[in-house]
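The block underneath contains the structure these notes are about, expressed in structure tokens.
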Amino acid sequence: MIKSDNVGLMLDIGSFHVGDPYKQIEQTVKYAVSWQVKEKVFTNDVESLTDIPRVMQIIKKSGYCGFVPIETLGKGNEKEWVKDMLQRVQAAKK
């Protein structure tokens with residue numbers, strides 16, 4: 001681990017492919033200085049929609065207070081994917 005206030009983890013929740021991604025997010029959240037919240041996660045390499053309320057709860061519990069970038073990679077109308085993802089995140093942060 002690099003001991004520096006200028007180095008931290010950009011926590012990309014789509015990077016976990018083996019095991020429970022939510023447990024892995026909880027294990028790494030303390031190193032996060034930024035996020036990449038995606039509309040889908042992998043559990044043992046099986047893709048499913050992200051449980052946005054669960055991710056937002058993890059973020060809140062960690063004390064993180066910066067921006068939470070979202071990324072959509074779904075096929076089809078990207079404007080609809082972004083609109084849906086943004087609505088899900090906004091609903092979960094209330």
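Relative contact order of the chain, taken over Cα pairs closer than 8 Å and 6 or more residues apart, is 27 percent. Computed about its Cα centre, the charge dipole of region 9-92 is approximately 280 debye, with only Lys, Arg, Asp and Glu carrying charge at their Cβ. Between the entries (i) 15, 49, 30, 6, 0; (ii) 12, 36, 40, 11, 0; (iii) 16, 52, 26, 6, 0, the label attached to P(r) over Cα pairs in 10 Å bins from 0, in percent calculated for this structure is (i). Within the chain, helices built from complete DSSP H runs that reach 20 Å or longer along their own axis (Cα positions) and carry a mean Kyte-Doolittle hydropathy of -1.0 or higher are 78-92. Could you sort out which of Lys3/Lys93; Lys38/Lys83; Lys3/Lys23; Lys3/Lys30 sit more than 21 Å apart by Cα distance in this structure? Cα-Cα > 21 Å for Lys3/Lys93; Lys3/Lys23; rest within.
Bear in mind these aren't lab numbers, they're just calculated from the coordinates by the rules spelled out. From a predicted model like this one, the values you see are computed outputs, not experimental measurements. Ideal geometry is used to build each Cβ from the backbone, glycine not excepted, and the neighbour counts take in all protein chains shown.
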